[in-house]
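Quick notes on the structure that follows.
The values are calculated or read from the model by the stated rules, or taken from the named source; none is laboratory data. Because the structure is a prediction, the values reported are computed rather than measured. Here the Cβ positions follow ideal geometry from the backbone for every residue, glycine too, while neighbour counts run over all protein chains shown. When the accessible area is computed, the model is the full protein with side chains, heavy atoms only, and any ligands, DNA or RNA have been set aside. Shrake-Rupley method; radii C 1.70, N 1.55, O 1.52, S 1.80 Å.
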Amino acid sequence: MALETRDLVEIQMVLALYGHILDDRDWDALDQVFIEDIVFDAVDSGLGVLRGIPAIVEVWREPFDGHPLGHYMTNV
């Protein structure tokens, strides 16, 4: 099943917004890209599995080496 053009554009918009939110450290806006009960697998970054936006924000507020400041969305 092929995606409609509108769906593709909306997916690209969410990806771009995600990058801006992370780069701006605008944690209050994470609910614009994640659902409330998100399960975020950050095992490869040494952060384990984070459950819910508050858990993600708690970890991401503290700087760590595995989280870059420049998020570039390419090849979409």
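Overview of values
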{"read-out": "Leading residue by the ranking (modelled with the highest pLDDT) among those in the stretch 1-34 that are among the small types (Gly, Ala, Ser), out of contact with any His (no Cβ under 7 Å at 6 or more places or on another chain) and open to solvent by less than 80 Å² (accessible area, probe 1.4 Å)", "value": "Ala29"}
{"read-out": "Enumeration of residues in the stretch 35-63 that are more than 17 Å from Tyr18 (Cβ to Cβ), modelled with pLDDT under 95, loosely packed, with under 10 Cβ neighbours inside 10 Å and among the acidic types (Asp, Glu)", "value": "Asp44, Glu62"}
